[in-house]
Amino acid sequence: MTATPLEAAPLDVAAVRADFPILTRTVRDGKPLVYFDSGATSQRPRQVLAAERAYVETSNSAVHRGAHQLAEEATDAFEDARERVAKFVGVDAGEVVFTKNATEGINLVAYSMSNAATAGEEAKRFRVGEGDEIVITEMEHHANLVPWQQLCRRTGATLRWFGVTDDGRLDLSDIDSLINERTKVVAFTHQSNVLGTVNDPAPLVERARKVGALTVLDACQSVPHAPVNLRELGVDFAVFSGHKMLGPSGVGVLYGRRELLEAMPPFLTGGSMIELVTMERSTFAPPPQKFEAGVPMTSQAIGLGAAIDYLRAVGMSAVAEHEKQLTEAALTALGEIDGVRIIGPTTTESRGGAVSFVVDGVHPHDVGQVMDSMGVAVRVGHHCAWPLHRRLGIPASVRASFYLYNSVHEIDALVAGVREAQRFFGVV
Amino acid sequence: MDLEAMYQEIILDHYKNPHGRGLREPYDGESYQINPTCGDELQLRVKLDGDRIADVSHTGQGCSISQASVSVLTDLVVDRPVDDALAKLDAFVELMQGRGKVEPDEDVLEDGVAFAGVAKYPARVKCALLGWMAFKAALVQAGVEKAREGAEIS
């Protein structure tokens, strides 16, 4: 007899919603808010605000400085948040660098790589130059595209990328030629912020390792929505943002394997990140401090720690299962409307809760305006993934992105919004 | 929110049957404008005849507001003295940047007054101004120095 895996307790949406005061407000003349833009930024539960407030009201001070009691408490709270983040994604606290957001995390790696040109022998593996290649994908958010373009411009390296299939999957058919002995970095998204597509890191990590390239995972849309163990995925670096996972804005995370963070030269320099400073030169603190110059965001990191506690209490498997139901309902309901085309996979197989679509004859901006008038907040435009939209032959799209606090009946509002846009613009 | 207040019938009519659409030769100035937040694109050409706007032609892709706005622009400026066109441009920009508090002058803006409701939605103001931004830049390219002055469009 095979053991049945324990089912995660299903998520109690009403109980979750009660923790998010913003979800009770109305918009546009009294319409209940239906918030389908968590892919851009998520809402925050009371518990996160309470944690930030408690810190500011009792222990606020500059971390890693001073010997007074407040400084001690602040440092403990900050480092405790780091521990929680690390545990949440299955890595060590020393491998977690707090950044402003995920974008800064990717830039940190890209600029550290340029800085490697003038750093010591230990930084050799981070050097890039003419003849080297950096590989990304056509479904990247601009945050995991522009920094690599710029690194190539600064160093003379060449940018290459995996294509996207018509059904919104990564086309890995040329993996062995794209990732080759010239490849220095393979940077890719775990889950597309537009298509919802979940990419399996395994084949990319395996191939990158074979040729000695570093892997950088954009986990912005995966870590908030499903159980993710970065160590098991085997990537070298990963980034995600606090504000997309119930936490505050102004805090993001860069994960780097310890030996890499130790060898990689710093990006921003100044206070906090040093070991010894003379007028002539400086030596640097061990990671993660080496990458955290200046007084860091503190209440934000503590808020992120509280957000992680919240997500753990609900259970990431339960969050993922709940979003799968929402996604399934949305894919089915939108699929039944004539003139609506879903961008990306049309089943929940290897797919997360971002559902983008176009409505024939109505520009996404206008669809969004009609929805907004009905209280439904969706994202319209190219969602910081312009090349992907170009690849799919559309200027823009409408995106509904779900989170643990959305209920299945809210999908009805999404459908009603699309139908109203069609009626208003006379395309049905 | 009243959708009809934003999407006036005039706007929808211009959107469905845009005036001046399609690029034409010859021309004296040309501009390509994009709205980086949504990816809308617009290419616009101006043909001058002395101090008169002889023709405005355009192509691109965008929402109803940006498409209707450039269509209205065509009606307002073609066959008018450059000075009149610039005055209309200033009036339209003032209307759009007025957060819904500017009372439009119908004698100057004609169909353009329909965009008064759009001015209340900051996210859509850029849509409405895309064509006007292109017109201004195309005039500058055509050598109309005074088009550099006046309302700042951003």
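The values are calculated or read from the model by the stated rules, or taken from the named source; none is laboratory data. Small disclaimer: the values here were computed from a predicted structure and weren't measured. Here the Cβ positions follow ideal geometry from the backbone for every residue, glycine too, while neighbour counts run over all protein chains shown.
Quick notes on this one:
- Considering only residues in segment B:34-50 that are within 14 Å of chain A (Cβ to nearest Cβ) and either within 15 Å of B:Val140 (Cβ to Cβ) or in contact with a Ser or Thr (Cβ under 6 Å, 6 or more places away or on another chain) (or both), the one that is surrounded by the most Cβ atoms within 10 Å (Cβ to Cβ) turns out to be B:Asp40.
- Out of B:Asp13, B:Asp90, sole residue that is out of contact with any strand residue (DSSP E or B) (no Cβ under 8 Å at 6 or more places or on another chain), touching a residue at least 60 places away in the same chain (Cβ under 8 Å) and either away from chain A (no Cβ under 14 Å) or assigned to a helix (DSSP H, G or I) (or both): B:Asp90
- Selection count, segment B:103-154, where residues are among the basic types (Lys, Arg), within 16 Å of B:Ser69 (Cα to Cα) and free of Cβ contacts under 8 Å to residues at least 12 places away in the same chain: 0
- Residue check, B:Ala123 surrounded by fewer than 20 Cβ atoms within 10 Å (Cβ to Cβ) and within 14 Å of chain A (Cβ to nearest Cβ): yes
- In summary, helices (runs of 4 or more DSSP H) completely within segment A:25-120 and bearing 3 or more residues that are more than 27 Å from A:Ala293 (Cβ to Cβ) and of a type outside the set (A, V, I, L, M, F, W, C) occur at A:46-58.
- Total residues in segment B:1-22, condition surrounded by 14 or more Cβ atoms within 10 Å (Cβ to Cβ) and either among the aliphatic types (A, V, I, L, M) or in contact with a Leu (Cβ under 7 Å, 6 or more places away or on another chain) (or both): 6
- Subset of segment A:375-392 (residues that are more than 9 Å from chain B (Cβ to nearest Cβ), touching a strand residue (DSSP E or B) at 6+ places or on another chain (Cβ under 7 Å) and more than 11 Å from A:Phe36 (Cα to Cα)): A:His383, A:Leu388, A:Arg391, A:Leu392
- Being at pLDDT 95 or above and part of a helix (DSSP H, G or I) is true of B:Asp75.
- Every residue from segment B:105-125 that is part of a helix (DSSP H, G or I) and either acidic (Asp, Glu) or over 24 Å from A:Val380 (Cβ atoms) (or both): B:Glu106, B:Asp107, B:Val108, B:Leu109, B:Glu110, B:Asp111, B:Gly112, B:Val113
- Criterion applied to B:Ser66, B:Ser31 was being within 14 Å of chain A (Cβ to nearest Cβ) and not in a loop (DSSP other than H, G, I, E, B), and the one residue passing it is B:Ser66.
- Pairs with Cβ under 8 Å, 6+ apart, first in segment A:410-428 and within 11 Å of another protein chain (Cβ to nearest Cβ), second of a type in the set (Asp, Glu): A:Ala421/A:Asp366; A:Phe425/A:Asp366; A:Val427/A:Asp360
- Odd one out for A:Ser350, checked against (1) at pLDDT below 95; (2) at positive phi: (1)
- A residue that is in contact with a Ser or Thr (Cβ under 9 Å, 6 or more places away or on another chain) and either away from chain B (no Cβ under 14 Å) or closer than 18 Å to A:Ser401 by Cβ (or both) can be found somewhere in segment A:26-33.
- Those residues of segment A:244-260 which are outside any strand (DSSP E or B) and in contact with a Gly (Cβ under 8 Å, 6 or more places away or on another chain), in sequence order: A:Lys244, A:Gly247, A:Pro248, A:Ser249, A:Gly250, A:Val251, A:Arg258
- Search result, residues across segment A:393-409 that are away from chain B (no Cβ under 14 Å) and among the hydrophobic types (A, V, I, L, M, F, W, C): A:Ala400, A:Phe402, A:Leu404, A:Val408
- Considering segment A:359-374, and only residues there that are more than 8 Å from every other protein chain (Cβ to nearest Cβ) and of a type in the set (Gly, Ala, Ser), the residue that is nearest to B:Cys38 (Cα to Cα) turns out to be A:Gly368.
Each row is one residue, and each column tells you yes or no for (1) more than 14 Å from chain B (Cβ to nearest Cβ); (2) over 27 Å from the mean Cα position of the chain (by Cα); (3) closer than 24 Å to A:Gln221 by Cα.
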residue: A:Asp12; (1), (2), (3): yes, no, yes
residue: A:Gly39; (1), (2), (3): yes, no, yes
residue: A:Tyr55; (1), (2), (3): yes, no, no
residue: A:Glu72; (1), (2), (3): yes, yes, no
residue: A:Ala81; (1), (2), (3): yes, no, yes
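- Test for A:Leu311: is it without any contact (Cβ under 8 Å) to a residue 40 or more places away in the chain, in a helix (DSSP H, G or I) and of a type in the set (A, V, I, L, M, F, W, C): no
- Test result for B:Val102, at pLDDT below 95, outside any helix (DSSP H, G or I) and away from every other protein chain (no Cβ under 14 Å): yes
- Search result, residues across segment B:18-28 that are touching a residue at least 40 places away in the same chain (Cβ under 8 Å) and closer than 16 Å to B:Leu73 by Cα: B:Pro18, B:His19, B:Gly20, B:Arg21
- Scanning segment A:340-379 for residues that are among the small types (Gly, Ala, Ser), out of contact with any Lys or Arg (no Cβ under 8 Å at 6 or more places or on another chain) and closer than 26 Å to B:Ala128 by Cα yields A:Gly361, A:Ala377.
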